[in-house]
């Protein structure tokens, strides 16, 4: 589903939202959803008239399984470079256990086998990848980020959520590494000049 010029929400995926963005040198993917999504995402890329090899970057907003689950397989299928914040990189690579648990994540961990992948790019606040500016918004995880396009399109991962009607919702405290910090980060995101908010869960929000 095309949301605005050069921005698509990948259809038919489980759990978390995945977005495809046209960038100067090809395509960029924001998150990958659960394990098992790779072929569906490649099929979606091809449905837009592009090829799998056009995917240049896979940018992960944080290290939870429902966002990184298909990153390793997609890298194999497309050759894209995988990027994540430097604080969440060790979890993605399998060098460090996730710092938070919770009942939901424990269930995901039992049901789905995660394939780890060493990131090609370790991001920090202020970096630019594929023309999108990285803002570090810790709380949900240590390395949670949002990505900001110059025209006001913001990809917030789980640092700021929405409901199915497209209304902004705060991050879920029980799923956060640091609930107080997550709330501070959510307020920081709300202060951005947003025109279209693409959240990790829920419908896109237009301002």
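The values are calculated or read from the model by the stated rules, or taken from the named source; none is laboratory data. Not measured: the values here are computed from a predicted model. Here Cβ is always computed from backbone atoms with ideal geometry, including for glycine, and neighbour counts include all displayed protein chains.
Taken over segment 29-44, the residue count meeting the criterion of being within 11 Å of residue 68 (Cα to Cα) and crowded, with 24+ Cβ neighbours inside 10 Å is 5. Take residue 78 and decide whether it is over 28 Å from residue 194 (Cα atoms) and surrounded by 17 or more Cβ atoms within 10 Å (Cβ to Cβ). For residue 78, the condition - over 28 Å from residue 194 (Cα atoms) and surrounded by 17 or more Cβ atoms within 10 Å (Cβ to Cβ) - is met. If you go through segment 167-181 and keep only what is modelled with pLDDT of 95 or more and either exposed (fewer than 14 other Cβ atoms within 10 Å of the Cβ) or at positive phi (or both), you end up with 167, 180. Please determine, by comparing only the residues of segment 13-28 that are outside any strand (DSSP E or B) and over 16 Å from the mean Cα position of the chain (by Cα), which one is surrounded by the most Cβ atoms within 10 Å (Cβ to Cβ). Within segment 13-28, the match that is surrounded by the most Cβ atoms within 10 Å (Cβ to Cβ) is 25.
Taking segment 77-97 as the range and being touching a residue at least 12 places away in the same chain (Cβ under 8 Å) and part of a helix (DSSP H, G or I) as the test, the residues that pass are 77, 78, 89, 91, 92. At least 2 residues being free of Cβ contacts under 8 Å to residues at least 40 places away in the same chain and within 23 Å of residue 94 (Cα to Cα) is the threshold, and among the strands (runs of 3 or more DSSP E) wholly inside segment 112-160 not one reaches it.
Residues of segment 52-61 include at least one that is in contact (Cβ under 8 Å) with a residue 60 or more places away in the chain and over 15 Å from residue 131 (Cα atoms). Within segment 182-207, being in a helix (DSSP H, G or I), surrounded by 15 or more Cβ atoms within 10 Å (Cβ to Cβ) and touching a strand residue (DSSP E or B) at 6+ places or on another chain (Cβ under 9 Å) holds for 185, 186, 188, 189.
Among the residues of segment 35-76 satisfying the criterion of being over 15 Å from residue 20 (Cβ atoms) and not in a helix (DSSP H, G or I), which is farthest from the chain's Cα centre (by Cα)? If we take residues in segment 35-76 being over 15 Å from residue 20 (Cβ atoms) and not in a helix (DSSP H, G or I), then 36 is farthest from the chain's Cα centre (by Cα).
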